[in-house]
Amino acid sequence: MVAITLPDGSVRRFDRPVTGADLAADIGPGLAKAALAVKVNGEMRDLLLPLGEDASVAIVTRKDPDALALLRHDAAHVMAEAVQELYPGTQVTIGPAIENGFYYDFARVAPFTVDDLPKIEAKMREIVDRDQPIVREVWERAKAIAYFKGIGEHYKAEIIADLPESAPISIYRQGEKWLDLCLGPHLPSTGKLGKAFKLTKVAGAYWRGDSNNAMLTRIYGTCWADDKQLADYLTMIEEAEKRDHRRLGSEMDLFHLQEEAQGAVFWHPKGWAVYRALQNYLRRRLEDAGYVEVNTPLLMDRVLWEKSGHWEKYRENMFISESEDRILAVKPMNCPGHVQIYNQGIKSYRDLPLRLAEFGSCHRNEASGALHGLMRVRAFVQDDAHIFCTEDQIKSETKKFIDLLRVVYADLGFNDLRVLFSDRPPVRAGSDEIWDKAESALRDSTAAAGLETKLNSGDGAFYGPKLDFILRDAIGRDWQCGTFQADFVLPERLGAEYVGEDGQKHRPVMLHRAILGSFERFFGILVENYAGKFPLWLAPVQATVCTITDQANDYAEEVAATLRANGLRVEVDLRNEKINYKVREHSLAKVPILVVVGKKEAETRGVALRRLGGAAQEVLALDEATDRLAKEAAVPGT
């Protein structure tokens, strides 16, 4: 007798082995038709595999969030079959589901191009229409290697040979002719995939990510549960392309990147004005929250990084320099330096919490192929801080940080926020006992702060569990920015202490935290969120004074000087051009306010204000306009 517990708590009993398909049919014909897979005790499985024993089971349909990864994985397999039907001799290698879609890497003498995608996509739809059954088989290792070598699939044979001896060789047969190595799970048939997919781009990819290996062709696609979701996503992608920070950065003269300084940014005056405004705003918020600002060396001896554990766990991402037979590392993060500041002098429990903040210049040796505008760089500045506190202070400090983070995000235009809780990773420092304590403390603190979190298992930092704060932008994209980590490890490794009320020495807890994360990356997010149309307080040029006639040139300069004296970033356009031309040009440059002056305005000491995106203008006295714009441009919190 097999007892199956359903999500609603009800139990169905069977006197024979049943599959997920049998269970769905027993519940009702509608569910049987909609079923794609099952979750058995929380684990996704094929619909046609026997359940075998008592279990908690949920039927997965297209409406379930878990179905998307399944659909995307199957879309990758359908694409691989389509490619091999159209282009015999092409080898398939690896093809996973990824965020928002899927890809597959192919080995072919002539690389694929975007011109091949419509033909492949049409063949995929044909395979869906065939509604081919997808069946799992388990093969012997030797048979699998021999089979794939025999059909010229040398990459697939290599993958099988590298699998652990204990791993089953799981093969999925898609119809009668096509099969692939895969752990699964998969849909019961290709027809269940539907047609809410689209192939999007082609890129190069090294076999197994190693530049010493052969170059393959990677075809990307996106897949969704229905046509509406697909259409919404494609619309978002189209909008994202319009908002691309690299294009807007060039058009607005904010920054540039070049080959001679890979992963580092050349900030132009206008971009640097925004950067400084953002940094100065955050500095004021930190001062109000009780932080003290520090600065630590860019180069430090490897000995310090060995003590902290970074040399062992993070060495491949660090830039190295040598001087007088000493090996120095360019800091990838600021934490060890902050502990050195903490360790100067004896600390008492009365000194805690101590909140050390730094706009720290960091460098990480990211692969050149992973670099992407401002979103992935090698040289960046973190809005980093470390809070040294007692264990009893963890809850209150966590709440204070969360409150501060919410205020900052709201000021910057982000109010949609979710949080991931990441527990211990496989490679970590510290004992299980310390990790138990750290994870428990962080869970209790987030609960006390009223913060809802979702578990992101195994993704903590090597020294402690963490919270990842993910904000959603104006077009629905998610960005991981803020972090908060509870660390019992580094204070121990680097000898941090304080004298407690009992007169004895104790270890402080070290809370690592960032709100923006990388200034460079957050700048890129801001550009794309606002499509370059920054709020007035952040705009690189807040107002441009434009003349209608050269008879107003002197007055225009006076207007600009008055606005600058009231804290505004102002430019003057005295060119002998028609005013409509000037308005159009500065609108394309995303200038929020145009201050138009002509002979009449010079005589009456007035101005005409035109706002970005608006056709109307407002005529005001210069003093009134100055006062109004100064108030509108005020930095939040001041």
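Just so you know, all these numbers are worked out from the coordinates, no wet-lab data involved. Since the model is a prediction, treat every value here as computed from it, not as a measurement. Backbone-built Cβ (ideal geometry, glycine too); neighbour counts: all protein chains shown.
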Worksheet item: Gain in length, Thr113 to Ala240, computed as 0.36 nm per residue apart minus the alpha-carbon separation, to one decimal in nm?
Response: 43.5 nm
Worksheet entry | Share, in percent, of DSSP beta bridges within segment 543-632 that are antiparallel, nearest 5 | 50 percent
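Expected output is a single nm value to one decimal: the length gained when fully extending between Ser10 and Gln262, i.e. 0.36 nm times separation in residues minus the C-alpha distance. What is it?
Numbers: separation 252, 0.36 × 252 = 90.72 nm, distance 5.90 nm.
Between Ser10 and Gln262, full extension yields 84.8 nm more.
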Discussion item. Quick check: pseudo-label points 7 Å beyond the Cα along Cα→Cβ at Lys195 and Glu176, how many nm apart are they?
Written reply: 2.5 nm
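For the cross-link pairs Lys347/Lys437; Lys242/Lys400; Lys143/Lys198; Lys454/Lys505, which exceed 30 Å when the distance is taken from alpha carbon to alpha carbon? List each step's numbers first, then the result.
Numbers: Lys347/Lys437 23 Å; Lys242/Lys400 37 Å; Lys143/Lys198 35 Å; Lys454/Lys505 36 Å.
Pairs exceeding 30 Å: Lys242/Lys400; Lys143/Lys198; Lys454/Lys505.
Want the number for Ile27 to Ser361: 0.36 nm per residue separation, take away the alpha-carbon distance, what's left?
Values: separation 334, 0.36 × 334 = 120.24 nm, distance 5.96 nm.
Residue separation times 0.36 nm, minus the Cα-Cα distance, leaves 114.3 nm.
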Worksheet entry | C-alpha long axis of helix 519-530 to longest principal axis of the chain, angle in ° | 90 degrees
Practice prompt. Note down the nm distance, to one decimal, between modelled labels 7 Å out along Cα→Cβ at Thr604 and at Leu163.
Written response: 8.2 nm
Worksheet, complete the sentence: At R0 = 41 Å the Cβ-Cβ FRET efficiency linking Trp311 and Ser396, nearest 0.05, sits at 0.75
Practice prompt. Return the distance in nm (one decimal) between the two label points of a simple spin-label model at Asp66 and Gln480, each offset 7 Å from Cα along Cα→Cβ.
Written response: 2.2 nm
Item to complete: Label segment 2-60 by shape, choosing from rounded, prolate and oblate, from the square roots a ≥ b ≥ c of the eigenvalues of the Cα gyration tensor; if a/c is under 1.5 it is rounded, and otherwise prolate applies when a/b is larger than b/c, oblate when it is not.
Response: rounded
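Using a Förster distance of 35 angstrom, determine the FRET efficiency expected from the C-beta separation of Gln617 and His372, and round it to 0.05. Spell out each step's value before the answer.
Working: r = 40 Å, r/R0 = 1.15.
For Gln617 and His372, the calculated efficiency is 0.30.
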Practice prompt. Taking the Cα centre of segment 543-632 as origin, work out the dipole magnitude from +1 charges on Lys and Arg Cβ and -1 charges on Asp and Glu Cβ, in debye rounded to 20.
Written response: 360 debye
Worksheet entry | 19 Å reach of a label modelled at Ile151, 7 Å along Cα-to-Cβ, counting backbone N of segment 94-113 | 94-96, 104-109
Worksheet entry | Directionally averaged shadow of segment 67-240, computed from the convex hull of its alpha-carbon atoms, nm² | 10.3 nm²
Worksheet entry | Spatially proximal aspartates and glutamates relative to Lys600 (Cα-Cα < 20 Å; intrachain offsets below 8 disregarded) | Asp550, Asp554, Glu557, Glu558, Asp573, Glu577, Glu618, Asp623, Glu624
Worksheet entry | Residue among Ala615, Gln382, Leu6 farthest towards the positive dipole end of the chain, charges placed on Cβ | Ala615
Worksheet item: Taking a ≥ b ≥ c as the square roots of the eigenvalues of the Cα gyration tensor of segment 543-632, is the shape rounded (a/c under 1.5), prolate (a/b larger than b/c) or oblate?
Response: rounded
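Would you mind working out the magnitude of the charge dipole of the chain relative to its Cα centre, with +1 at each Lys and Arg C-beta and -1 at each Asp and Glu C-beta, to the nearest 20 Debye?
Working: 82 positive and 95 negative charges, 153 e Å.
Using Cβ point charges on Lys, Arg, Asp and Glu, the chain gives about 740 debye.
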Item to complete: Quick one: angle between helix 394-411 and the longest Cα principal axis of the chain, in degrees between 0 and 90, rounded to 10, please.
Response: 70 degrees
Discussion item. Limiting things to C-alpha atoms, what are the Rg and the maximum Cα-Cα separation (Dmax) for segment 213-253, in angstroms?
Written reply: 15.3, 41
Response to the item:
Among Leu588, Phe255, Ala225, the residue whose Cα sits farthest towards the positive end of the charge dipole of the chain, when +1 is placed on the Cβ of each Lys and Arg and -1 on the Cβ of each Asp and Glu, is Leu588
Worksheet item: Regarding segment 211-329, what whole-number volume in Å³ per residue does the convex hull of its Cα atoms give?
Response: 284 Å³
Worksheet entry | Signed unit charges on C-beta, dipole axis of the chain, positive-most listed residue Thr453, Tyr349, Gly95 | Gly95
Worksheet item: Give me the Kirkwood hydrodynamic radius of segment 265-400 in Å, from all C-alpha pairs, to one decimal place?
Response: 17.0 Å
Discussion item. To check you understand DSSP bridge types, tell me what percent of the beta bridges within the chain (both residues inside) are antiparallel, rounded to 5.
Written reply: 85 percent
Practice prompt. Compute the acute angle (0 to 90°) between the alpha-carbon long axis of helix 432-448 and the principal axis of greatest extent of the alpha-carbon atoms of the chain; round to the nearest 10°.
Written response: 60 degrees
Worksheet item: Helix-derived [θ] at 222 nm for the chain: sum -39500 (n - 2.57) over DSSP H runs of at least 4, divide by residue count, nearest 500?
Response: -10500 deg cm²/dmol
